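This report concerns only the one structure given below.
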Amino acid sequence: MGTLVWGPLGQGILTGRVRKGQESDLRRAGMMKHVNDERRIDVVEQLIPLAAEAGMPLTHLAMAFAIAHPGVTSAIVGPRTMSHLDDLLAGVDVTLDQDYRPPALQRANLRRRSVDERATA
């Protein structure tokens, strides 16, 4: 069985186009509650320098993170423009080094309950 994830770029928030204290150029920003969520924007602000340190655009880091999860076999992307598609295709071979993999991706016990724990739930 495989898992297909939808929206690995957070409906645009993980493109880096939404920044703290700046106007967003996303056309639907006013209608999209998550684009105005300060907690999410704070996370993006932390990820932007991490992507820069890794030498890649935030979109590539976000996609690599989504598909690095051991349970994910594929991800759906929805580019609106050819430049969006070109950017995503340019990052198709990006993989995360161990330094950029959170512990939950490295250790199964951090991302799911044991079989015994699931049986008693």
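Laboratory data are not the source of any read-out in this text; all were calculated from the coordinates shown. Since we're looking at a predicted model, the values are computed, not measured. Virtual Cβ from ideal backbone geometry, glycine too; neighbours counted across all protein chains shown.
A full extension of the chain between Ala104 and Leu50 corresponds to an added length of 17.7 nm, given 0.36 nm per residue minus the alpha carbon distance. Each of the peptides 53-65, 84-96 was scored by the mean count of other Cβ atoms within 10 Å over its residues; in descending order, highest first, they stand as 53-65, 84-96. Once the C-beta distance of Lys20 and Asp87 is scaled by a Förster radius of 22 Å, the resulting FRET efficiency is 0.50 to the nearest 0.05.
Of all trypsin sites (Lys or Arg not before Pro) in segment 49-118, which ones are in loop regions per DSSP and have a Cβ with at most 16 other Cβ atoms within 10 Å? Answer by residue number: Arg80, Arg107, Arg111, Arg112, Arg113.
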